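Trainee: Handing you a structure now.
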Amino acid sequence: MNDTQNGNAKKWEGRWDQLVGKVTATWGAVTNDMIKEANGNYQVLVGKIKEKTGETMEEIENKLERDEN
């Protein structure tokens with residue numbers, strides 16, 4: 001995990017519900033099962049989004065970052 005990914009993961013620590021809300025609003029194709037499988041792990045969830053959408057990790061993290069600053 002690079003420094004940016006680590007920083008993004010730390011940013012969402014303790015804010016899982018907010019992260020899940022943003023993920024479901026941004027990627028309607030992400031299922032509740034995928035969220036449950038991530039089990040509170042940011043990197044696993046981003047990986048699942050990547051698998052489902054074909055987007056890069058950078059694209060996903062940029063979308064998650066948008067409107068958060």
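Since every read-out is calculated from the coordinates, none of them should be taken as a lab result. Computed from a predicted model, the values in this text were never measured in an experiment. No Cβ is skipped: glycine too gets one built from the backbone with ideal geometry, and neighbour counts run over all protein chains shown.
Trainee: Given the -39500 (n - 2.57) contribution per DSSP H run of 4+ residues, what per-residue ellipticity at 222 nm results for the chain, rounded to the nearest 500 deg cm²/dmol?
Mentor: On the way: 5 runs with 49 residues, N = 69.
The helix contribution divided over the chain gives -20500 deg cm²/dmol.
Trainee: What's the longest piece of the chain with no exposed GluC sites (Glu not before Pro), counting a site as exposed if DSSP puts it in a loop and it has at most 13 other beta carbons within 10 Å? If you can, show how the numbers build up before the last one.
Mentor: Working: sites that count: Glu13, Glu68.
Here the longest run is 14-67.
Trainee: To continue, here is another question. Compute from the Cα atoms of the chain the Rg and the Dmax, the latter being the longest Cα-Cα distance, and quote both in angstrom.
Mentor: 10.8, 29
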